[in-house]
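The values are calculated or read from the model by the stated rules, or taken from the named source; none is laboratory data. In this text, all values refer to a predicted model and were calculated from it rather than measured experimentally. In this analysis, Cβ positions are derived from the backbone assuming ideal geometry, glycine residues included, and neighbour counts consider all displayed protein chains.
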């Protein structure tokens with residue numbers, strides 16, 4: 001293990017191969033080191049799980065494994081909903097976002113350019129203050145916080161898991177060398193194409209339960225629009241959506257997303273869709289220039305949420321498919337799962353109730369977010385159709401209760417309330433709803 005002053009970053013295990021000289025002068029690999037948990041994937045979900053495990057059980061030996069060193073770029077909208085702040089506060093890391101841009105409002109634009117705005121920071125009695133921070137910065141801070149909490153951060157690629165004496169044996173590879181770790185628990189937080197998920201026998205999501213998105217950075221003068229977490233259902237994007245999240249200093253994260261199955265069946269080009277979105281923003285007065293650093297990524301959403309646990313193993317975050325189907329936001333859900341997993345497994349050691357505790361964790365997590373996932377999925381299906389998107393955004397622009405409820409569902413853990421649905425239906429029934437003049441921003 002690397003220690004401070006060794007010339008290697010604190011908490012990073014390197015080189016991968018650990019060998020010792022036996023009594024006969026032969027080189028022999030040491031017995032695999034034993035861990036209470038090996039977490040594969042050091043994004044927000046994995047790092048949060050590592051921190052939570054160490055916070056709730058300071059004696060736990062936790063390894064946090066990622067194939068890439070940090071900081072590293074990550075295709076994402078960079079938007080962090082208020083739930084992220086709550087998780088960080090629970091872990092004593094409230095200052096982690098002190099220098100992040102903090103939009104007060106949420107805006108939603110419909111197919112006819114009608115804009116609905118939820119004015120924060122307090123919406124329906126809840127603090128909906130969001131943040132925007134580049135993932136390469138945010139993730140690196142979380143990894144460092146995990147190392148500071150006592151987790152051992154390992155740069156290596158997970159390749160397989162097997163059983164040994166009732167525990168998980170984890171195989172890692174880096175720089176051409178292979179190493180094994182022995183652990184009581186394996187956690188997969190390794191993203192949309194999780195290798196851990198496949199290794200523990202949980203089926204991967206289908207195309208019908210995935211979005212595909214493209215992110216870019218652009219120059220967007222601060223005078224062009226008031227800072228807000230902005231989601232756009234422009235007619236040229238449906239059945240997809242676009243977003244604009246301000247990073248400050250006249251720079252924004254901009255992107256588009258749509259269902260993967262539809263993108264494939266219609267042979268849609270994400271770059272062309274992004275160009276269309278930029279042109280649409282320009283026509284509405286947004287001076288978007290210098291679009292760069294384009295990256296595509298998959299978003300497995302909650303329609304594909306299945307098992308999250310297996311014998312002495314669990315998946316969380318994108319690996320579990322816990323992304324909001326309406327907004328594409330998944331950081332909070334992954335971090336929430338990491339926080340709750342650490343709480344559930346505190347002091348688990350090798351006790352036979354670890355399977356029971358994993359089951360309790362999964363049940364509690366799904367129960368807590370069941371209505372949120374169901375509501376966001378239903379809203380996503382409706383917003384794919386222009387008449388529904390048109391009516392929903394017009395209702396939100398005319399009725400503060402509708403836009404407030406929508407904002408909570410988009411960027412927090414709110415659900416689709418029956419009263420909100422009735423208000424939207426009532427708006428659809430009004431005369432001239434479809435022919436009204438688009439609202440100006």
*Within segment 33-60, which residues are over 21 Å from residue 157 (Cβ atoms), in contact with a strand residue (DSSP E or B) (Cβ under 9 Å, 6 or more places away or on another chain) and assigned to a loop (DSSP other than H, G, I, E, B)?*
36, 60
*asked:* Just to be sure I understand, how many residues within segment 302-322 are modelled with pLDDT under 95 and not in a loop (DSSP other than H, G, I, E, B)?
replied: 3
*Across segment 111-146, which residue is farthest from residue 68 (Cα to Cα) among those that are within 15 Å of the chain's Cα centre (by Cα) and crowded, with 20+ Cβ neighbours inside 10 Å?*
130
*Is it fair to say residue 94 is surrounded by fewer than 21 Cβ atoms within 10 Å (Cβ to Cβ), at pLDDT below 95 and in contact with a helix residue (DSSP H, G or I) (Cβ under 8 Å, 6 or more places away or on another chain)?*
yes
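So, of the residues in segment 278-289 that are touching a residue at least 60 places away in the same chain (Cβ under 8 Å) and surrounded by 11 or more Cβ atoms within 10 Å (Cβ to Cβ), which turns out to be farthest from residue 251 (Cα to Cα)? Write out each step before concluding.
Taking segment 278-289 first, the residues touching a residue at least 60 places away in the same chain (Cβ under 8 Å) are 278, 284-289.
Now narrow it down to the ones that are surrounded by 11 or more Cβ atoms within 10 Å (Cβ to Cβ): 278, 284, 286-289.
Working: 278: 14, 284: 18, 286: 12, 287: 11, 288: 9, 289: 10 Å.
This residue is 284.
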